[in-house]
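Report on one structure; see the data block that follows.
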Amino acid sequence: MHIVRMNARFFAVTALLACTASAQWLTNKTPGVPRTADGKPILTAPAPKLADGKPDLSGIWNPNPKYLVNLAADLKPGDVPMQPWAETLFKERSAGLHAHEEPDANCLPQGVPKIDAAPVPWKLIQVPGQVVILYEAFTQWRQIFMDGRKLPEDPNPIWLGYSIGRWEGDTLVVDSNGFNGKAWLDQAGHPATEKLLVTEKFRRKDFGHLEIEITINDPGAYTKPWTVKESPTLMVDTELLEFVCSENEQDIKHMVTKK
């Protein structure tokens, strides 16, 4: 048995966004961006700071989609130690046997950290007491509470979980739990359960480059935690677009099983 997966909608929309995003608000320039004499952004300029001295992580960030395809793309196979059931499921998903079940193929939320690597930008906003991330992918959002609260002990399981953050020097550390266990960690099919705890460490290396260190700690699916790094790049002089996945959806009926 194998699955013929047709996900033209997702990649067609991605291609469209790549072509049109920079055409939005043609006369609007992102304020505070260091530029050359001819107006090009200097992405290697020093990372900005807020008035309180904390790093300013705000901006529209464009991820590397290779981590959407495989979150563990930079790791060796032994670096992702799966429980036997999880390894079996991962191999089946990687072979395409469950492609029609992938949440984002069905216009369901992508989950964390998969949504961090979706090949459309997301916008990070810092306000007193919290950080908000607006995702162009499926028009979703996250709240990261910075007011000292603890993670919920018995949360109602949801797709993007519950997030709290704190500063460790110039690094924003975000812990998230309360996931529903339905999301895939990537398109390769790394599984997750309701026991998942995701730790993201955001550090702005310079003006135009963000580093995110992501640790997956899910004793329901893995025998020990494992860590990856992603490096989104700043996008300037543009804004997010509305992305309604289920509007005119045409793919799922083509995801058929063949012998």
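Name all residues of the range 86-129 having a backbone nitrogen under 14 Å from the label point set 7 Å from the Cα of Phe145 along its Cα→Cβ direction, giving them as ranges.
Backbone N within reach: 129.
Tally Lys and Arg at +1 and Asp and Glu at -1 over the other residues with C-beta under 15 Å from the C-beta of Leu75: what net charge comes out?
Result for the local shell: -2.
Is there a quick way to get the dipole size of the range 157-253? I mean about its Cα centre, with the Cβ of Lys and Arg at +1 and of Asp and Glu at -1; what is the value in debye to the nearest 20?
That gives the range 157-253 a dipole magnitude of about 480 debye.
If you take every residue apart from Ile60 with its C-beta less than 11 Å away from the C-beta of Ile60, what net charge results, scoring Lys and Arg +1 and Asp and Glu -1?
-2
Arranged by the count of other C-beta atoms within 10 angstrom, fewest first, what order do Ser94, Ser58, Ser246, Ser176 take?
Ser246, Ser94, Ser58, Ser176
How would you order 219-227, 102-110 from highest to lowest mean count of nearby Cβ atoms within 10 Å?
Working: 219-227: 15.6, 102-110: 18.9.
By packing density, highest mean first, the sequence is 102-110, 219-227.
Could you tell me the center-to-center distance, by alpha carbons, between the range 152-203 and the range 210-236 in angstrom?
10 Å
Angle check, please: helix 8-20 long axis (alpha carbons) against the longest principal axis of the chain (alpha carbons), in degrees 0 to 90, nearest 10.
In the chain, helix 8-20 runs at an angle near 10 degrees to the longest axis.
Extent of the chain along each principal axis, from alpha carbon coordinates, in Å, largest to smallest?
If we take the Cα atoms of the chain, the spans are 61, 40, 34 Å.
Could you tell me which of Pro225, Phe202, Thr30 has its Cα farthest along the dipole of the chain towards the positive end, charges placed at Cβ (Lys, Arg +1; Asp, Glu -1), taken about the Cα centre?
Of the candidates, Pro225 comes out farthest on the positive side.
Pick out, from Tyr135, Gly178, Ile158, the residue whose Cα sits farthest towards the positive end of the charge dipole of the chain, with +1 on the Cβ of Lys and Arg and -1 on the Cβ of Asp and Glu.
Of Tyr135, Gly178, Ile158, it is Tyr135.
Taking the Cα centre of the range 68-170 as origin, sum charge times position over the Cβ atoms of Lys and Arg (+1) and Asp and Glu (-1), and report the length of that vector in debye to the nearest 20. Display every interim value, and only then the final one.
Numbers: 9 positive and 14 negative charges, 29 e Å.
Rounded to the nearest 20 debye, it is 140 debye.
Between their Cα atoms, which of Lys40/Lys76; Lys76/Lys205; Lys29/Lys229 are more than 28 Å away from each other? Walk me through the numbers on the way to the answer.
Numbers: Lys40/Lys76 38 Å; Lys76/Lys205 26 Å; Lys29/Lys229 30 Å.
Checking Cα-Cα distances, Lys40/Lys76; Lys29/Lys229 exceed 28 Å.
In terms of modelled amide H atoms, which long-range or inter-chain residues lie less than 5 Å from the amide H of Gln130?
Result for Gln130 returns Met146.
About its Cα centre, how strong a charge dipole does the range 2-258 have in debye, to the nearest 20, once Lys and Arg get +1 and Asp and Glu get -1 at the Cβ?
Charge dipole of the range 2-258: 300 debye, to the nearest 20.
Normalised by the residues of the chain, what does the relative contact order come to in percent, with Cα pairs under 8 Å and at least six apart?
It comes to 28 percent, rounded to a whole number.
Only helical DSSP H runs with n ≥ 4 go in: add -39500 (n - 2.57) per run for the chain, normalise by residue count and round the 222 nm mean residue ellipticity to 500 deg cm²/dmol.
About -3000 deg cm²/dmol.
Which one of Phe145, His190, Pro103 has its Cα pushed farthest toward the positive end of the charge dipole of the chain, where Lys and Arg give +1 and Asp and Glu give -1 at the Cβ?
Result: His190.
A short reminder: the numbers here are calculations on the coordinates, not readings from a lab. It should be emphasised that the depicted structure is a prediction, and the values quoted were computed from it without experimental measurement. Quick reminder, even Gly has a Cβ in these numbers, built from the backbone with ideal geometry, and neighbours come from all protein chains shown.
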